[in-house]
Structures are given as structure tokens and as C-alpha cells.
1. I need a count of the residues in segment 296-306 that are within 15 Å of Tyr372 (Cα to Cα) and open to solvent by 10 Å² or more (accessible area, probe 1.4 Å).
2. Tell me which of these Gly208 doesn't satisfy, since it passes every other one: (1) part of a helix (DSSP H, G or I); (2) open to solvent by less than 30 Å² (accessible area, probe 1.4 Å).
3. Going through segment 418-441 one residue at a time, which ones are farther than 16 Å from Asn175 by Cβ, open to solvent by less than 30 Å² (accessible area, probe 1.4 Å) and part of a helix (DSSP H, G or I)?
4. I need the full set of residues from segment 456-474 which are more than 24 Å from Ser290 (Cα to Cα) and of a type in the set (A, V, I, L, M), in order please.
5. Give segment 170-187 a look and list any residue that's open to solvent by less than 10 Å² (accessible area, probe 1.4 Å) and either under 17 Å from Gly211 (Cβ atoms) or over 18 Å from the mean Cα position of the chain (by Cα) (or both), or say none.
6. If you check Leu160, Leu116, which single one turns out to be open to solvent by less than 20 Å² (accessible area, probe 1.4 Å), touching a Gly at 6+ places or on another chain (Cβ under 6 Å), farther than 27 Å from Val428 by Cα and part of a helix (DSSP H, G or I)?
7. Criterion first (outside any loop (DSSP other than H, G, I, E, B) and at pLDDT below 80) does Lys255 satisfy it?
Amino acid sequence: MLTIPKTKYEPGRTELATESFLIKPNLKGDWLNFFMLLLLYTMQGLPLGLSSAIPILLQSKKDTSYQDQALFSLVIWPFSLKLLWAPLLDSLYVHKIGKRKSWLIPVQYLIGTILLYLGSSIDILLPETGKPNVMVLVYLFFITNFLSATQDIAVDGWALTMLNKNNVGYASTCNTSGQIIGVMIGSVFAILFTSEDFSNKYLRITTGVEGIVSMKTLLYIWGILFMLITTMIAIFKKEKDNTLEDGYVKLNISKTYSLLWDIMKLPSIRILAIALLTARIGFAATDSISTLKLIDAGVSKDDIMVINTAMYVVKMIIPLIIAKYTSGPKPLSLYLKVTPIRLLWNIVFIVLIYYTPTIITTNGIVNIPVYYYAILIFILSIQEVLSYMMFVAILAFFSRISDPRFGGTYMTLLNTLSNLGFVWSSTVALQLVDLLTSKECSFDSMNNCSTLDLQNICKANEGNCIVTINGYYVEIIPCTIIGIAWYIYFRNILKNLQIRSPSHWLINVKKPVVENIEESFPLTVTV
């Protein structure tokens, strides 16, 4: 059993940190900073929205396998690997530009440049007919998300100093609401506004060809906006110099990397790390495969995205509604209350996926009844609300325990552990679903339909690939059992962690002598 050892009381640092924990949050005089953070997190979310739209577009074209989906899932890994380069952002910067702006500005310009390049080549990489070039898409989106993850490091660190200390809990509100706005823009526009069927049904007066906007045009628009907004931030937003604050410690690259080790040596962090890396196993199959299975069953990508669009609005509101719980001293209490409900919701998805083909298909023709949409909206709504409540709660906890002197590195470490727990379990779940699924061609039992070529051979001979064992069900049941075991084991541990005093999360770093500060840290760039 994991135990939480006591930490030595250190006067001075402890009282200073505790003071900011006890002051009541008040955004008066901080609203401009609040909206600034909201904008930055929105820009961060747009590439993520595009990354979430591509798998749906791929699945709807029927020319990709779950192995391709597993390959494309690698594009979100930079958000789980950013810990490797996060210390550079805390160590190397141009003092006159600002610690965070020194990285934020060039990174956002590069994202805009890649979006413009994608706009010029997307019709070749993701054609209307034929097999998409999944590998090149993976390369481009991996680089884009690498840059977006770097922007995330800078913004997370800036949030801890941009907002007043008593308002730092609102950083998670900016993060979650802003990021979901960006994700919504990136995914909804890419799927619905480029869809001919959706545009003709809901957006046009007269029937037309293709969507009301092409993917190429969208990417050009977003690329230009990234350039313009970044220029405005570079010119008009000044970064506060926190080098004069009490407790400020200036670190070079080697000491910043050693800081990561110092953080990981904290007993409370080690326990939290184990919990974060295993927390998402219980939801891996449901989160990563369910939507794709609905599309396989006959539910259109447009219907899925319309429902998800409504969910985005809910997601933007949720952080504001639960802010009084997440900005308080015990945000993990909300996380723990929601976890068992969400685990039970896995069973609901098993029933939904199992009966969907029967309900929406009549004589081989997809005809979705109205009551099915009502059921689908209800199930997906509850799933999204529960998931997002957990997300906001854990981010609020990270904001409260992070040492603001090393905000970028500290927050990045915590977010990396959380993201890594998600991506490794999702990638494994996608990789395994085809391996665990058994099929055979209706006219040839020797054809197991394991590849697109074998599936095409079966169809060419007027046969159908029949699923004999569905890998989705094989995965989701053990995932749920593991999730229940995780909850039973970590429930009291996490409750105890969140009531630990601030001193348990602070790093004891000796402050260098002022006279020798430039000699001690030669790798920090000052102009």
C-alpha cells in the first residue's frame, strides 16, 4: 500500500505559499489577463481540434483500418512528451522580450506557417476518393502538435504569473474553456462546414456541390489568423518581470532538468504520478473506439459531429458552473465522485454499440429513427459531461500545487503525466481492437478479412465480412474491471494528497548569490 510520508516544515516558504492558498479569488482588475489566457488556450486548441477531426474523416471514407487509426493517434503524443523540452523554456529566453513570449511568438508563427502549407496540400493528402496518405498526415500533424505542446508549456507557465496569486485557480477555467473553443472550431468546421450533405440540409437555401467552405480554405484562414493574432500579442502584450519577486530563482538548463528530478523525488508527486499514469485505463476503450464503432455501424460523421458540437457548448459552460468546486481547496473530491459513475457508463456504451446496427438498419438500408437520436444524444452528453468534470478538476488541482517559481516545468510535468496516461492507453486500445476482432468472409471461411485487400476480395465476390468476435467488447469489459480496481485502491490516497499542506509540493532550491548570478547561469540569454 502506498503511504504519504510527512514533509519537513520549512518556515518562510510555507507561510508565503499558504497565504496565496487562503486569499479568496477575485477577478476584479484581472479580467483582461483572464481573457488573454482564454485566447491563447483557444489558439492551442485549434490544432487539437483538427487532429480529432482527421480520424473521423478517415473512418467515414472506409479506406482506413484501425491500425491506421492507431498510427494517426501518435500525433497527440507530443503533449505527453513535452516534459523533455519544457526545461528549455524555463532556462533559455530573451529577457527584454519576456520569459514566455520568447517562445510563444516564434512557435505560433510556425504553427501558422504549417497551417498554410497544409492548406496547399490537403486535397492530395486527404482526397475525396482513394486511400489517404496517412503517413504524411501523421508527420505534419505530429509537428503541429509538437509546436502546440510547446505553446502549452509557455502559456501554462505564464498563467501562474499573469494572474494574481489568489486567482491562479482560474487558470484551469481558461485552459479548459479556451481549449475546447479551439477544439470546437478546429473539428466542427473541418467536418460539418466542408460536408456537402450537411451544408445542403442546414446551411444552404439551394442545393450545391461540396461544403460551404473547403478544407483548403479553412486551413488558409486559420494560418493567416494565427499570424495576425501572434503579431498583435507580440506588439501589445507586455510580460510581467517576475525576477524581482520574493523567492524567485533563476536556473540554467542543467539545473532546470535537475529540477525535474527534484520534483519527481517529492513523495507526494511520486504517488500522484502512479495514479495519473494508470487512471485512464478504465476508460481507454470507451473514449478511443466508441465513436469510430458508431460510424462503422452506420451513424454518419455529420450526425456525430452535430451532437459533439452541442457538447462543446456544454464543455464551455461546465468549467464556469463547477468553478466554485475546482477553485477551492479540494478539487479532487469532485474527480473521485465522478469516476465510479463514468466507469458504470462503459456498460451503457456496450449496450448502445451492440444494438445500434439493429435499430438503425432496415433491410440493409440505414434509416435512423428519431428515438435513436434521443438515446444517442443522452448517452454521449452524460459521457462528455462526466469526462470534462474530471478534466477540469484535475487541472485545478495541478494549478494549486504547482510551485509558481518553476511554473512552466512544474505544470508541464503534471500535465505530461496526465496526458501520458491517456495517450498510451488510447493507442494500445486502438492497436488491439483489430487484433482482438475475428472476421470471416460470408462465402469463404478461409478469408479472415484482416486487411483491406482481403475485404475488397470478399466484396468483389459479392460477399460480406462478418464479425465473429468483436474486439471492442473484448477490450471494454476488462478495462472497466481495471478501472474499478484503480478507484478502490487510489480513492483514499488521492483524498489525502489534496489536503497536504503547500510545503509538500514546494521545491527546496538554494537561491544563488546575486553578485554571481550571471556567472552561475551563463546559458540564460539576456539582451
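The values are calculated or read from the model by the stated rules, or taken from the named source; none is laboratory data. Quantities reported herein were computed from a predicted structural model and do not represent experimental measurements. Methodologically, a virtual Cβ is constructed for each residue, glycine included, from the backbone with ideal geometry; neighbour enumeration extends over all protein chains shown. Side chains are part of the model used for accessible areas, which takes the heavy atoms of the whole protein and leaves out ligands, DNA and RNA. Shrake-Rupley method; radii C 1.70, N 1.55, O 1.52, S 1.80 Å.
1. Total satisfying the criteria: 5.
2. (1)
3. If the condition is that a residue be farther than 16 Å from Asn175 by Cβ, open to solvent by less than 30 Å² (accessible area, probe 1.4 Å) and part of a helix (DSSP H, G or I), then Gly421, Val423, Ser425, Ser426, Thr427, Ala429, Leu430, Val433 are the ones that fit.
4. Hits for segment 456-474 are Ile457, Ala460.
5. Gly186, Ser187
6. Leu160
7. yes
Residue-wise test of (1) at pLDDT 90 or above; (2) crowded, with 17+ Cβ neighbours inside 10 Å; (3) in contact with a Gly (Cβ under 6 Å, 6 or more places away or on another chain); (4) not aromatic (Phe, Trp, Tyr).
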site: Gly471; (1), (2), (3), (4): no, yes, no, yes
site: Glu475; (1), (2), (3), (4): yes, yes, no, yes
site: Cys479; (1), (2), (3), (4): yes, yes, yes, yes
site: Ile488; (1), (2), (3), (4): yes, no, no, yes
site: Arg491; (1), (2), (3), (4): yes, no, no, yes
site: Leu494; (1), (2), (3), (4): yes, yes, no, yes
site: Arg500; (1), (2), (3), (4): no, no, no, yes
site: Leu506; (1), (2), (3), (4): no, yes, no, yes
